[in-house]
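Contents: one structure, followed by commentary.
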Protein chains: 2
Amino acid sequence: MTETDTADWSDRKRGAGAKLVYDTLRDEILDLVLAPGEPVDEAGLAERFSMSRTPVREALVRLAGEGLVTMLPNRSTVVAQIDYPNLSAFFDALTLMYRVTTRLAAEFHTPADLAAIRLRQEVFSRAVLAGDTAAMITCNRDFHAAIAEAGRNSYYLQLFLRLLDEGRRILRLYYYPRFEARLPHPYILEHEAIIAAVEARDIDLCDRLAREHADQIVRQIQEMIASDRRQHIAL
Amino acid sequence: MTETDTADWSDRKRGAGAKLVYDTLRDEILDLVLAPGEPVDEAGLAERFSMSRTPVREALVRLAGEGLVTMLPNRSTVVAQIDYPNLSAFFDALTLMYRVTTRLAAEFHTPADLAAIRLRQEVFSRAVLAGDTAAMITCNRDFHAAIAEAGRNSYYLQLFLRLLDEGRRILRLYYYPRFEARLPHPYILEHEAIIAAVEARDIDLCDRLAREHADQIVRQIQEMIASDRRQHIAL
DNA sequence: CGAAAAATTCTTGTCGACAAACTTAATGCA
DNA sequence: TGCATTAAGTTTGTCGACAAGAATTTTTCG
C-alpha cells in the first residue's frame, strides 16, 4: 500500500478498470483513509488511476449500492457517514448474524470449513500477539466470515459481511486508539470455545457462545463511544 | 403497462434516465416479463428507452449489485437464474426475517405505522376478494414491508425486501397458476392476528405468529414446487 | 462431406467531448 | 456595509465513437 500514489496501471486487462477502482476505494473507505463525508471526485480518481471517468463511475455506482458512498444527484459523491442514530439497529442485526451464522456452521460445516476457520483463528492470534490492532480488526472479521461461509447461507453471509465491514469503520474510529495488548486476549479464548462448539455440532451452545461474544463486543464498542463522547464534552 | 412499447421518454430530467431503466427492468424481472437466463442487450435497451448506453449500463450495474442480473465479462448480461440449490437457505432467511421484523414492530411501532399496516391489509384483502393473484403477491409483500418499517431496522428491512422480491419471482412461477379463491383466505385471518399482536406489543406472540405464518407460506411453496417437479417428471 | 482455420459480425468496455446543473466569485443596488 | 443578482468556473450526466474480445459465419483443406 506504499505505492498507491506512484503505481502505474497503464497495462491492465479489459474490464479490470472498474474492479480496481472499486476494490481500492472500498479498502480506503473501510480503513478510514477516506473520511466519512469526504467528497469523492470522479475526474480526480480518473486521473489517479489513469483511466477515463466511465469505469470510475461504475465503481462508484457499485459502492453506492452497498451504501459505502452516497451519490448526491448532480452534485458530488461523498463517503457515507456513519449512521449513529441507527447504531442500536446495527448492534441488533450484528448480534443476530453472529448467532445464526454460528448455529448454521455447527449444522452444515465440513472438515474443509473447520480447517479454514482454524487457519483464520491462527492468523487472528498472531495479530493479537503482535499487538497489531488494525490486523486484529480485519482478522476477526475474516474469522467470523469463515464461520458464516461454513453455514452455507448466502443471504446471512452477505448481510453479515456488510455489518462486519461497517463495524470495521467504527472500530477504527474508537477501538484503535485505546487498545491494550493483555494476553491471553479474551477474544482468543472465546473463538476457541466457538470452534469447539461448531466442531461438536452443538447448536444451542453455538448460539449461546455467539450471543455472549457479540454482546461483549457490542458492550465494548458502546463503552468506547460513551467515553469518547465524555472526552469530547470535556474538551 | 400497456404502453411500454410506444411510450416516449424523450423529455426527461437529467439523472432520471438510469433510474427509469432500473425501475422498469426491476419490475419486469420480478414479474417474470423477462425470464431468468434471458439475455439483456444494452444497445437494445438504449434504443427502447431512446437514450445512450451509458445510463442503461448504470442501471444494469445496480441491478447486478442486487443480484437481479448477472454481468458476464465481455459477454452478455443475463437475467439472474432462480437459485434452486439454495432454496432452503432462502426459506430459512425468509422465516427469520418474518420473525424479527414482526417482533421489532411490536416493540417500536407508532400509531402512524399501525395505520399504514392496516391500510396495506385493506388493500391485500381487496386483492384476495377480487381473486387477483398477481396483486395478492405484491400486496402481501407490501403488508410485511410495512411491518418491517415499523421495526425501525434498516438492515433487516433491506434483507427482507430482497427476500420478498426474490420470492415474488418464485410465487409467479408456481403459485399463480394454481390459486383458488376460497374465502375467508387464511392469510387474511393470520394477518389480522399479527396486527393485533403488534398493537398489543406482545413480542412473544408476534414471534410465534410470524413463524407460523412463514412456515405455512414456505410449506405451501415447497408443495407447489414438489408437485410441479412431479408433473415435469410425468411428462 | 466434415472439421479446422480464418474472416466477419456483434456486443461490450473504454474514451473524449459536450451540455446541464450546481458552486463560487464578482458585480450592482439599497 | 449587506444582500440579491449575475457571471464565471467546476463537476456531473449523457452522448457518439472506437477498439477489444467473443460468437457466428464463411472459407479452406483433408
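Counting, for every residue in A:152-158, the Cβ atoms of other protein chains within 10 Å of its Cβ and taking the mean gives 6.
Output the 0 to 90 degree angle, nearest 10, between the alpha-carbon long axis of helix A:154-174 and the longest principal axis computed from the alpha carbons of chain A. Value to nearest ten degrees: 80. Per-residue ellipticity at 222 nm from helix content only, as computed over the protein assembly as shown with -39500 (n - 2.57) for each DSSP H run of at least four residues, stands at -23500 deg cm²/dmol. For chain B, the Kirkwood estimate of hydrodynamic radius, built from reciprocal distances between every pair of different alpha carbons, is 19.4 Å.
Remark: the Cα gyration tensor places the protein assembly as shown in the oblate category, a/c being 1.5 or greater and a/b not exceeding b/c. Under the simplified labelling scheme, the B:Ile82-B:Ser50 pair shows an inter-label distance of 3.6 nm, with each label point 7 Å from Cα along Cα→Cβ. Converting phi to 3J(HN,Hα) with the Karplus coefficients 6.51, -1.76 and 1.60 and the offset θ = phi - 60°, the range B:110-119 yields 10, x, 4, 4, 4, 4, 5, 5, 4, 4 Hz in sequence order, with x at every glycine or proline.
In plain terms, if you count all Cα to Cα distances in the range A:59-115 and split them into 10 Å steps from zero, the share in each step is 19, 26, 26, 22, 6, 0 percent. Taking the range A:102-122 and a reference point 7 angstrom along Cα→Cβ of A:Glu192, the backbone N atoms nearer than 18 Å belong to A:115, A:117-122. Assign one of three labels to the range A:83-135, namely rounded, prolate or oblate, based on the Cα gyration tensor with a ≥ b ≥ c the square roots of its eigenvalues; rounded applies when a/c is under 1.5, prolate when it is not and a/b is larger than b/c, and oblate otherwise. It comes out oblate by the Cα gyration axes. Taking all protein chains together, B:Met97, B:Met51, B:Met71 sort by accessible area into B:Met71, B:Met51, B:Met97, largest first [probe 1.4 Å]. Peptide A:64-71 has a mean shielding of 2, counted as Cβ atoms of other protein chains within 10 Å of each residue's Cβ. Think of a 1.4 Å ball rolled over the protein heavy atoms: the protein assembly as shown then has 51 Å² of accessible area per residue. For the range A:1-129, the relative contact order is 22 percent, taking Cα pairs closer than 8 Å that sit 6 or more residues apart in sequence and dividing their mean separation by the residue count. Within 10 Å of the Cβ of each residue in A:52-62, the mean number of Cβ atoms contributed by other protein chains is 2. Where chain A is rotated onto chain B, the residue of A whose Cβ comes nearest the axis, and that gap in whole Å, is A:Gly65, 2. Among the trypsin sites (Lys or Arg not before Pro) in the range A:45-152, those placed in a DSSP loop whose Cβ has at most 15 other Cβ atoms within 10 Å are A:Arg75.
Each residue was assigned an accessible area with a 1.4 Å probe, and for A:Ser76 the value is about 50 Å². If the reach is capped at under 13 angstrom between alpha carbons, list the aspartates and glutamates near B:Lys19, excluding any in the same chain fewer than eight residues apart. The qualifying aspartates and glutamates are B:Asp27, B:Glu58. Here A:Cys139 sits with roughly 20 square angstrom of accessible surface, probe radius 1.4 Å. Over the range A:16-79, all Cα pairs binned in 10 Å intervals from 0 give whole-percent P(r) values of 24, 62, 14, listed from short to long.
Estimated at the nearest 10 Å², the accessible area of B:Ser88 is 80 Å² with a 1.4 Å probe.
The values are calculated or read from the model by the stated rules, or taken from the named source; none is laboratory data. Worth saying up front: this structure is predicted, and the values here are computed from it rather than measured. Using ideal geometry, Cβ is built from the backbone for each residue, glycine included, and neighbour counts are taken over all protein chains shown. Heads up: the accessible areas ignore ligands, DNA and RNA and are worked out on the full protein's heavy atoms, side chains in. Shrake-Rupley method; radii C 1.70, N 1.55, O 1.52, S 1.80 Å.
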